[in-house]
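The values are calculated or read from the model by the stated rules, or taken from the named source; none is laboratory data. Here the structure is a predicted model, which is why all the values come from computation and not from measurement. Heads up, the Cβs are rebuilt from the backbone with ideal geometry, glycines too, and the neighbour counts pull from every protein chain shown. Ligands, DNA and RNA are excluded from the accessible area calculation, which covers all protein heavy atoms including side chains. Shrake-Rupley method; radii C 1.70, N 1.55, O 1.52, S 1.80 Å.
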Amino acid sequence: MQQVAITGTGLYTPSQAISNEELVAAFNQYVDLYNGENANAIAEGMLAPLAHSSPEFIAKASGIRSRYVIDKSGILDPTRLVPHIPERSNDEPSLQCEMAVIAARQAMSAANCGPEDIDAVIVACSNLQRPYPAIAIEVQAALNIEGFAFDMNVACSSATFGIAQASGVIRDGLAKRVLMVNPEICSGHLNFTDRDSHFIFGDVCTAVIVEDASLSTGGFLVRDIKLKTMFSNNIRNNFGFLNRADENGIGQPDKLFIQEGRKVFKEVCPAVAALISEQLDLLGTPASELRRMWLHQANLNMNDLIARKVLGRQPTVDEAPVILDEYANTSSAGSVIAFHKHQSNLQSGDLGILCSFGAGYSIGSVVLQKR
């Protein structure tokens with residue numbers, strides 16, 4: 001089979017960040033306003049009072065301590081709790097295109113290639129700014145790339161599934177080199193009034209260059225890819241083009257991110273660990289040979305449990321690096337951020353796993369070997 005390699009990565013990080021302390025202060029002000037405005041209904045037992053949050057609760061529940069966002073002021077306004085992201089004219093680049101171009105240029109520089117060397121663009125992320133024209137085609141045009149482009153969405157697994165799609169496109173002879181980007185504006189679909197989830201997400205964009213391995217000698221060989229999906233309602237977002245067809249659903253909580261967190265933890269962790277272990281067994285590779293695990297950065301406790309199940313022991317920070325303390329959950333981009341930031345000290349021949357998992361359920365696992 002034709003070999004494929006990842007030869008460059010890029011990362012766009014928004015300039016604005018929100019600490020747990022700042023987020024909690026705004027949320028608690030909202031709670032006080034809500035409880036005050038609904039004091040009579042609460043006293044009569046018609047409504048339950050909202051409870052305060054704390055930075056300690058967030059850190060313990062998730063391992064998250066801060067997050068980068070496109071707009072900080074709107075999120076921290078207790079009377080709004082929604083990012084303020086103005087509409088752009090059709091003659092301006094979309095926000096996701098703008099983010100993708102920055103990350104893409106970094107990735108191309110790392111791969112020692114230019115737009116003229118790219119044959120295809122894939123935008124893979126959880127939420128697209130519009131249904132059409134495809135954001136990927138807009139990115140293609142902004143970078144003056146020939147060939148073709150398309151969008152895809154497998155929620156938090158979009159990046160690993162995107163790498164799989166790019167690899168297939170190359171092996172089918174449709175392209176020699178593919179740009180795969182993950183512009184995630186997660187703050188746009190997060191319910192900042194929900195105590196159990198308002199702290200989860202941040203905004204970011206990652207980019208990956210996937211190419212025919214014969215074109216270069218650097219980067220990482222894609223040794224194997226394993227994908228799996230299992231339908232579940234435990235992570236869901238019901239926003240869509242049909243929402244306006246039934247006014248009863250407009251503005252309801254299910255039109256934003258919702259999840260049954262405990263169920264997700266209990267069901268996803270063993271499924272991910274089993275898939276990785278099966279993948280390694282099929283490759284004839286013992287887990288002890290893994291030098292690094294770039295896991296989906298959603299929750300520190302999840303990553304800890306998965307790594308322990310795969311390795312049979314507690315992983316070191318070097319073996320399973322963490323970036324979610326700084327970036328929070330960035331959906332599909334999380335594992336790629338970990339890969340981008342924690343790969344430089346690997347030696348030729350070292351093995352690693354890039355794995356993401358989330359809504360669907362979906363799991364994508366890519367075994368990489370340093371060249």
*Contour excess over end-to-end distance, with Cα ends at residue 344 and residue 255 and 0.36 nm allotted per residue*: 28.0 nm
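Before anything else, pin down the relative contact order of region 285-371: Cα pairs under 8 Å, at least 6 apart, normalised by residue count, whole percent. Before the final figure, lay out each step's value.
Values: 134 pairs, mean separation 29.4, N = 87.
Value for region 285-371: 34 percent.
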*Rg/Rh for region 264-371, where both radii come from Cα atoms and Rh is the Kirkwood radius*: 0.93
*Could you pull the Rg and Dmax for region 117-214, using just the Cα atoms, both in Å?*
14.8, 51
*Cα lying deepest toward the dipole's positive end in region 127-249, options 164, 205, 131, charges on Cβ*: 164
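Averaging over all projection directions, find the projected area of the Cα convex hull of region 196-346 and quote it in nm² with one decimal place.
Working: hull surface 46.4 nm².
If I average the Cα hull's projected area over directions, I get 11.6 nm².
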*Evaluate the relative contact order of the chain (contact order divided by residue number), counting alpha-carbon pairs under 8 angstrom at least 6 apart; express in whole percent.*
23
*Taking Cα atoms, how many degrees apart are the long axis of helix 158-171 and the longest axis of the chain, rounded to 10 and kept between 0 and 90?*
20
*For region 296-351 and region 195-235, distance of Cα centres in Å*: 12
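Quick one: putting +1 on the C-beta of Lys and Arg, -1 on the C-beta of Asp and Glu, what dipole do you get for the chain around its Cα centre, in Debye to the nearest 20? Don't skip to the answer; put the middle values down first.
Values: 29 positive and 40 negative charges, 210 e Å.
Using Cβ point charges on Lys, Arg, Asp and Glu, the chain gives about 1000 debye.
Over all directions, what mean area does the Cα convex hull of region 188-266 project, stated in square nanometres? Write out the running numbers ahead of the final one.
Working: hull surface 35.7 nm².
Seen from a random direction, the Cα hull of region 188-266 projects 8.9 nm² on average.
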*Cubic angstrom per residue, convex hull over Cα atoms of region 317-371*: 81
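How long is the gain from residue 92 to residue 242 if the chain were fully straight, where each residue apart is worth 0.36 nm and the alpha carbon distance is subtracted? Before the final figure, lay out each step's value.
Working: separation 150, 0.36 × 150 = 54.00 nm, distance 2.66 nm.
Between residue 92 and residue 242, full extension yields 51.3 nm more.
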*Taking the Cα centre of each part, how many Å lie between region 252-273 and region 77-102?*
27
_Over region 1-147: Rg over Rh, Cα atoms, Kirkwood Rh_ = 1.13
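Just round it to a whole percent: the fraction of Cα-Cα distances in region 1-60 exceeding 18 Å. Intermediate results must be reported in sequence, preceding the final value.
Details: 1079 of 1770 pairs.
Cα-Cα pairs in region 1-60 separated by more than 18 Å: 61 percent.
On a full-extension model of 0.36 nm per residue, what is the gain between residue 322 and residue 174, subtracting their alpha-carbon distance, rounded to one decimal in nm? Can you show the working numbers first?
Working: separation 148, 0.36 × 148 = 53.28 nm, distance 3.56 nm.
Computed gain between residue 322 and residue 174 is 49.7 nm.
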*What is the Cα centroid distance between region 28-58 and region 129-152, reported in whole angstrom?*
44
*Ignoring ligands, DNA and RNA, what percent of the accessible area of the chain is carbon or sulfur (1.4 Å)?*
51
*What is the diffusion coefficient of region 132-173 in µm²/s, taking the Kirkwood radius over Cα pairs and the Stokes-Einstein relation at 37 °C with a viscosity of 0.692 mPa s?*
291
*asked:* Checking the cross-link filter: which lysines have an alpha carbon closer than 16 Å to that of residue 266, excluding same-chain neighbours under 8 positions apart?
replied: 309
*Taking the convex hull of the Cα atoms, report for the chain its projected area averaged over all directions, in nm².*
19.1
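Among 156-164, 350-358, 81-89, how do they line up from the highest to the lowest mean number of other beta-carbon atoms within 10 Å? Mind dumping the intermediate values first?
On the way: 156-164: 28.1, 350-358: 24.9, 81-89: 12.7.
Result, highest mean first: 156-164, 350-358, 81-89.
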